[in-house]
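Enquirer: After the structure tokens below, expect a handful of questions from me.
The values are calculated or read from the model by the stated rules, or taken from the named source; none is laboratory data. This one's a predicted model, so the numbers in the text were calculated from it and none came from an experiment. Cβ: placed from backbone, ideal geometry, glycine included. Neighbour counts: every protein chain shown.
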Amino acid sequence: MPEEIYILVVDDIPLIGRMINHEIEKFGRSILQALDGKEALELLKKHRDKIELIFLDWYMPGMNGLQLLEIIKSDSRFQHIPVIMLTSESKKSNIVQAYKAGICDYMVKPFSVEDLHKKMLKGLNHKQTINRILLVDDSLVIHRMLRNMLEKKGYVICGDAMNGEEAIDLYHRLLPDLIIMDITMPIMDGLTAAEEIKKMNNEAKIIILSAEDHDDHREKAKQIGINTFLKKPFDEGMIAQAIAMTRHADGSSTSK
């Protein structure tokens, strides 16, 4: 069974954690909740390889959010984890100070569900690692092959789709770090699905698979910002290279 990936919520008001947890469960995430800086550091030390995003309150007793942020960003074990600051006021000097200390975004309380979704998506886009992968192909053989290759490398297969419509639905619900998607599928093809997903999140990372190497496919992929275009048949080395290229891509390039 794949290891669980967490979002850490650090806030001295338990209700905030419960509210965030209620929403992020819809995206296949779980939260770790800390009520103060000391507890947050203990959770970071224990689960540092499983935490992909931190929501951090500014005002807390003892160690405040800014002090904890500075500790996180000065520690090589945690500094790669994106942090979104929660604050009850939008004082410009505080926000500037938090950005300088290393946050990727901030959110003013009280916040809406829509705002939470947008900020979470931005935070997940900000991270540099790829852990959770959505597989999209109408061939069960390809699914099994990819799953075996990827799980052996430590990746988590968070979902399987057999066509483009299923891919769009699962992307919205799961927010994977990466999609590996075939072009030719029933109901909706991969490039059409990729275009719709890019409308939802322009920074979505996608590897397109194809048994054919058509120039028009490559041109459309380039137009919608596909990261990598990979021709079947493929092997473990080709998949590893494609993921590495996608991790460092700017979202607007294609490659063989």
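Enquirer: Taking region 5-48 as the search range and keeping residues that are in a loop (DSSP other than H, G, I, E, B) and within 14 Å of the chain's Cα centre (by Cα), which one is modelled with the lowest pLDDT? It would help to see each step written out before you state the result.
Expert: If we filter region 5-48 for residues that are in a loop (DSSP other than H, G, I, E, B), which is where we start, we get 5, 11-13, 28-29, 35-36, 48.
Cutting the leftovers down to within 14 Å of the chain's Cα centre (by Cα) gives us 5, 28-29.
Values: 5: 75, 28: 69, 29: 75.
This residue is 28.
Enquirer: Moving on. Kindly indicate the residue of region 142-191 that is touching a Lys or Arg at 6+ places or on another chain (Cβ under 6 Å) and modelled with pLDDT under 90 and also surrounded by the fewest Cβ atoms within 10 Å (Cβ to Cβ) among those meeting that condition.
Expert: So the first thing to find is which residues in region 142-191 are touching a Lys or Arg at 6+ places or on another chain (Cβ under 6 Å), and the list is 156-158, 176-178, 191.
Of the ones still in play, those that are also modelled with pLDDT under 90 are 156, 158, 176-177.
Numbers: 156: 18, 158: 22, 176: 26, 177: 24.
Ranking the qualifying residues of region 142-191, first place goes to 156.
Enquirer: Could you look through region 124-135, keep only residues that are touching a Phe, Trp or Tyr at 6+ places or on another chain (Cβ under 8 Å) and of a type outside the set (S, T, N, Q), and pick out the one that is surrounded by the fewest Cβ atoms within 10 Å (Cβ to Cβ)? If you could, list the steps in order and put the result at the bottom.
Expert: At the first step, the residues of region 124-135 found to be touching a Phe, Trp or Tyr at 6+ places or on another chain (Cβ under 8 Å) are 130-134.
Then drop every residue that is not of a type outside the set (S, T, N, Q), which leaves 130, 132-134.
Working: 130: 16, 132: 21, 133: 22, 134: 24.
Looking at residues that are touching a Phe, Trp or Tyr at 6+ places or on another chain (Cβ under 8 Å) and of a type outside the set (S, T, N, Q), I get 130.
Enquirer: Mind checking which residues of region 150-166 are more than 15 Å from residue 130 (Cα to Cα) and in a helix (DSSP H, G or I)?
Expert: To start, the set of residues in region 150-166 that are more than 15 Å from residue 130 (Cα to Cα) comprises 160-166.
164, 165, 166, listed by residue number.
Enquirer: For region 202-217, which residues satisfy the criterion of being more than 15 Å from residue 137 (Cα to Cα) and surrounded by fewer than 17 Cβ atoms within 10 Å (Cβ to Cβ)?
Expert: Going residue by residue through region 202-217, those that are more than 15 Å from residue 137 (Cα to Cα) are 202-205, 213-217.
Correct list: 202, 203, 213, 214, 215, 216.
Enquirer: Report yes if residue 138 is acidic (Asp, Glu) and crowded, with 19+ Cβ neighbours inside 10 Å, otherwise no. Write out each step before concluding.
Expert: Details: acidic (Asp, Glu): yes; crowded, with 19+ Cβ neighbours inside 10 Å: no.
Considered against the rule, which asks whether it is acidic (Asp, Glu) and crowded, with 19+ Cβ neighbours inside 10 Å, residue 138 comes out as no.
Enquirer: Which residue pairs have Cβ atoms under 8 Å apart, sit 6 or more places apart or on different chains, and have a first residue in region 83-107 that is farther than 17 Å from residue 55 by Cβ and a second that is surrounded by 16 or more Cβ atoms within 10 Å (Cβ to Cβ) and of a type outside the set (Ser, Thr, Tyr)?
Expert: Partner pairs satisfying both residue conditions: 97/66.
Enquirer: Kindly list the number of the only condition in (1) assigned by TED's automatic domain parsing to the domain that holds residue 83; (2) in contact with a Pro (Cβ under 7 Å, 6 or more places away or on another chain) that fails for residue 163.
Expert: So residue 163 meets the others, but not (1).
Enquirer: So, in region 171-204, exactly how many residues are in contact (Cβ under 8 Å) with a residue 60 or more places away in the chain and part of a helix (DSSP H, G or I)?
Expert: Qualifying residue count, region 171-204: 2.
Enquirer: For the structure I just gave you, tell me whether residue 254 is β-branched (Val, Ile, Thr), more than 27 Å from residue 50 (Cα to Cα) and at pLDDT 85 or above.
Expert: Numbers: β-branched (Val, Ile, Thr): yes; more than 27 Å from residue 50 (Cα to Cα): yes; at pLDDT 85 or above: no.
No; evaluated as a whole, the condition is false for this residue.
Enquirer: Something else about it: What number of residues within region 52-104 are in a loop (DSSP other than H, G, I, E, B) and either closer than 18 Å to residue 41 by Cα or in contact with an Asp or Glu (Cβ under 8 Å, 6 or more places away or on another chain) (or both)?
Expert: So in region 52-104, the residues in a loop (DSSP other than H, G, I, E, B) come out as 58-64, 74-82, 88-91, 102-104.
Restricting the remaining residues to those that are either closer than 18 Å to residue 41 by Cα or in contact with an Asp or Glu (Cβ under 8 Å, 6 or more places away or on another chain) (or both) gives 58-64, 74-82, 102-103.
Adding up the residues that qualify gives 18.
Enquirer: Name the residue, out of 174, 170, 116, that is within 14 Å of the chain's Cα centre (by Cα) and under 16 Å from residue 52 (Cβ atoms).
Expert: Result of the check over 174, 170, 116: 174.
Enquirer: Which one is farthest from residue 24 (Cα to Cα), of the residues in region 108-144 that are assigned to a helix (DSSP H, G or I) and free of Cβ contacts under 8 Å to residues at least 12 places away in the same chain?
Expert: Residues of region 108-144 assigned to a helix (DSSP H, G or I): 113-126, 140-144.
Retained after the next criterion (residues that are free of Cβ contacts under 8 Å to residues at least 12 places away in the same chain): 114-115, 118, 140-141, 144.
Values: 114: 12, 115: 12, 118: 12, 140: 29, 141: 32, 144: 28 Å.
Checked region 108-144; the qualifying residue farthest from residue 24 (Cα to Cα) is 141.
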